[in-house]
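Structure first, then comments.
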Amino acid sequence: MTGLAFELLKTDGGARRGCLHTAHGLVNTPAFMPVGTAGTVKGMHPEQVKATGAEILLGNTYHLMLRPTAERVAQLGGLHKFMNWPGPILTDSGGFQVMSLSDLRTLDEDGVTFRSHIDGSKHRLTPERSMQIQHLLDSNITMAFDECTPFPATHAQAESSMRLSMKWAARCREAFVERCGYGLFGIVQGGVYEDLRAESVAALTGIGFNGYAVGGLAVGEGQEEMFRVLDFTTPMLPKDRPRYLMGVGRPSDLIGSVRRGIDMFDCVMPTRSGRTGQAFVRRGQINIRNARHAHDDRPLDAECTCPTCTGYSRGYLHHLFKAGEMLGPMLLTWHNLRFYQDLMASLRAAIEEGRFEEVATAWEAEMALGDVEATPDPLKELT
């Protein structure tokens, strides 16, 4: 299968350092993809997203097919031009969103019929239609249409769901249009069951894909169980193709998953958390709304060089959220995305230097310490 080229440049234990070549540029791995659900990373200009260090974004098939429609995006030059992001784009297949609409959809062997959460209009999504939509969007990495197996699921439920996804994967491969610098990823399903994951990997590698995603995790099973599934799933995947863990996650999830051989990640957590006043820092996570930040003249993270940390105090950020000013969510989103990209860059460098475990353990130890309290409020001491 041609289209995307992936170079595995270095390994250190299970951790991998690679480079993915697409028609819209390179992606250095391990990589974190900010989520641009509806053609925008919320609260960020594309230039700002690039400045954080991001090289690839994720777009959402379900949301874009409903509004403004894939046909409209294609008419306006494709998703790269539409959202002013010249770099690579991966689009999910729409399967996860459709499957979450349990009261609005009907599943059969051919595909899914569902009603829009926007206006109730009726739509049909099949493997072939998902491929068509992602082609119209001009996605560099197209994801196979699958059924995201719910958690918890019995072995029988996970087996039935996985086998349906494998049938759909073969249809996606048949419908996908090959182009230089573009590729199709298959999605491994099977719940938490090793035999089902093995069957899924065998089916997908038999079909042949440019890359392989691990789906159906980060859906409530917890980090320990997620790592257990990765421990037996990742070694089954082809070493010469990129590996993508979908919808993950927290910084500790990323570190542990890179340790287990994962190359690519996406998650709404840094942007969604930024909008709600949650900031990721080297000593864990903080809620800028908490009163203890009101008088604090320190940056969010003294080691971070993002515009938020170099230009604004915790006290100011606390004020913005309390006042309901939109600049607050924008600044925290900027910091969180930069924090994630800095983490990934440090892991890439550590793998290159053969120091992955040393660097990863240091990150984990520092995040476990928790945030440092500010000095007492001087205004309170005067009262």
>> Using 29 Å as the Cα-Cα cut-off, could you pick out the over-long pairs in K167/K239; K42/K322; K81/K239; K81/K322; K10/K50?
In response: K81/K239; K81/K322
> Rounded to the nearest 0.05, what FRET efficiency do K81 and E178 have when you use their Cβ-Cβ distance and R0 = 22 Å?
Replying inline: 0.50
> Rounded if a/c is under 1.5, else prolate if a/b beats b/c, else oblate: with a ≥ b ≥ c from the C-alpha gyration tensor eigenvalues square-rooted, which is the stretch 275-375?
Replying inline: prolate
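Evaluate the charge dipole of the chain about its Cα centre and quote only its size in Debye, nearest 20, assuming +1 on the Cβ of each Lys and Arg and -1 on the Cβ of each Asp and Glu.
Working: 39 positive and 45 negative charges, 168 e Å.
Computed charge dipole of the chain: roughly 800 debye.
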>> Can you compute the charge dipole magnitude of the stretch 275-375 about its Cα centre, using +1 on each Lys and Arg Cβ and -1 on each Asp and Glu Cβ, nothing else charged? Give it in debye, rounded to the nearest 20.
In response: 500
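Quick one: of the DSSP bridges fully inside the chain, what percent are antiparallel, nearest 5? Kindly include the intermediate steps, with their values, before the conclusion.
Values: 24 of 47 bridges.
Close to 50 percent.
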> Amide H of L9: which non-local residues (sequence gap of 5 or more, or other chain) have their own amide H closer than 5 Å, using H built in the peptide plane?
Replying inline: R17, G18, C19
> With springs only between Cα atoms under 10 Å, which of A51, A170, A302 fluctuates most in a Gaussian network model of the chain?
Replying inline: A302
> For the chain, list the cysteines whose Cβ sits under 4.7 Å from no other cysteine Cβ?
Replying inline: C19, C148, C172, C180, C267, C306
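Within the stretch 262-358, report the GluC sites (Glu not before Pro) that DSSP leaves as loop and that have at most 15 other Cβ atoms within 10 Å. Numbers along the way, then the final one.
Values: sites: E303, E325, E352, E353, E357, E358; in loops: E303, E325, E353.
Here the GluC sites (Glu not before Pro) that fit, given the DSSP loop and packing criteria, are E303, E325, E353.
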>> Suppose we keep just the DSSP beta bridges with both residues in the stretch 1-121; what percent of those would be antiparallel, to 5?
In response: 70
>> Nearest 500 deg cm²/dmol is fine: what mean residue ellipticity at 222 nm does the chain get from its DSSP H runs of n ≥ 4 alone, each adding -39,500 (n - 2.57), divided by its residue count?
In response: -12500 deg cm²/dmol
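Rounded if a/c is under 1.5, else prolate if a/b is larger than b/c, else oblate: which is the stretch 322-370, with a ≥ b ≥ c the root eigenvalues of its Cα gyration tensor? Before the final figure, lay out the partial values.
Numbers: a/c = 8.32, a/b = 2.21, b/c = 3.76.
Cα axes put the stretch 322-370 in the oblate bin.
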> Considering the chain as a Gaussian network with a 10 Å cut-off on Cα pairs, which listed residue, T149, T310, T233, attains the greatest mean-square fluctuation?
Replying inline: T310
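Compare the peptides 340-349, 175-184 by average per-residue count of other Cβ atoms within 10 angstrom and give them in order, highest first.
Working: 340-349: 20.0, 175-184: 18.4.
The peptides rank, most packed first, as 340-349, 175-184.
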> Along the charge dipole of the chain, Cβ charges K/R +1 and D/E -1, which of C306, A345, G328 sits furthest on the positive end?
Replying inline: G328
> So who's got an amide H within less than 5 Å of the one on N60, skipping anything under 5 residues away but keeping other chains? H placed 1.01 Å off N, in plane.
Replying inline: G39
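Restricting attention to the stretch 199-268, which trypsin sites (Lys or Arg not before Pro) occupy a DSSP loop and are surrounded by at most 15 other Cβ atoms within 10 Å?
Sites meeting the loop and neighbour criteria: K239.
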> By how many degrees, between 0 and 90 and to the nearest 10, does the Cα long axis of helix 155-175 differ from the longest principal axis of the chain?
Replying inline: 70
>> What is the angle, in °, between the Cα long axis of helix 314-323 and the longest principal axis of the Cα atoms in the chain? Nearest 10 is fine, range 0 to 90.
In response: 70
> From the square roots a ≥ b ≥ c of the eigenvalues of the alpha-carbon gyration tensor of the stretch 100-161, which class results: rounded (a/c under 1.5), prolate (a/b over b/c), or oblate?
Replying inline: oblate
> Relative contact order for the stretch 87-134 using alpha-carbon pairs under 8 Å, separation at least 6, rounded to a whole percent?
Replying inline: 29
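In percent, what relative contact order does the chain have, based on Cα pairs under 8 Å that are 6 or more apart in sequence? Working shown, then result.
Values: 748 pairs, mean separation 67.6, N = 383.
Averaging sequence separation for qualifying contacts and normalising by length gives 18 percent for the chain.
Could you order the peptides 91-99, 118-126 from most to least packed, using the average number of other C-beta atoms within 10 Å per residue? Before the final figure, lay out the partial values.
On the way: 91-99: 24.3, 118-126: 12.3.
In decreasing order of mean packing, 91-99, 118-126 become 91-99, 118-126.
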> If you find the alpha carbon centre of the stretch 189-249 and of the stretch 305-360, how far apart are they in angstrom?
Replying inline: 29
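Read the figures in this text as sums done on the coordinates, not as results from a lab. These numbers come from a predicted model, not from an experiment. Here Cβ is always computed from backbone atoms with ideal geometry, including for glycine, and neighbour counts include all displayed protein chains.
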